[in-house]
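Here is the structure we will look at, set down as structure tokens.
Taken together, the values in this text are just the output of simple stated rules run on the coordinates, not laboratory data. Nothing here was measured: the structure is a model prediction, and the numbers come from that model. Here the Cβ positions follow ideal geometry from the backbone for every residue, glycine too, while neighbour counts run over all protein chains shown.
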Amino acid sequence: MEKSRNCFRFGKLKLNQNGLALVTVLVFAAAMLILGTSVYYFMIQGTKFSGTVKRYNSLKEATEGGIDIGIEVVKNYDNNLGSMFSGVTLNTVNASDCGLGNSLALDEYVIRANPADTNCANSISSQPWVEFNSGNYIVDLYIVKVLQGPLTGVGGAAAFPAKSGSNVSTYKYLFKITAQGKDEATGSTMITESLYRLVK
């Protein structure tokens, strides 16, 4: 009788060891599954982040290119801009708030607009002079004359050269050029601004 009880205990102990091994395998498998899922998740997030950074840099390049085009447009305002930039549309704007009519071209705006007129500046700053596409990006350029004539102070970053001639002060301008880029795929936007001085 004693011998039978010992055999029963031994069989129960052996069964418990098998159960322990199964639990260990299941815990290890669960840990590996969690680890694999975590690695996969971080790989996906890293890919998404890289794509976001790439799209950000592309949008940044598009808006900075817009600033460069805006500077060239201002520098050559009295030339045939349509022949200079392919794929770039130069608009007229409604300048009725400036007292200059409802269809004003850039060359007229540069010469005739009064930069001290805040209503005029606010109206013009909401109408893009230039529109173009760069890949999946749409860029609008806003050009506003903020100063005409000599600037105070000598040697500053925005200071104009000394006068040379009777009409030089009439042809000294300071412009704010704003490029607003939009990523059509994501809807995100970026705005880049620059000041440009023009001496003619």
Links exceeding 20 Å between C-alpha atoms in this model, out of 60/145; 75/176; 60/172, come to 60/145; 60/172
If each K or R counts +1 and each D or E counts -1, the residues other than residue 138 whose Cβ falls under 10 Å of its Cβ total -3
Label model pair residue 188, residue 31: point-to-point distance (7 angstrom along the Cα→beta-carbon line) in nm is 3.9
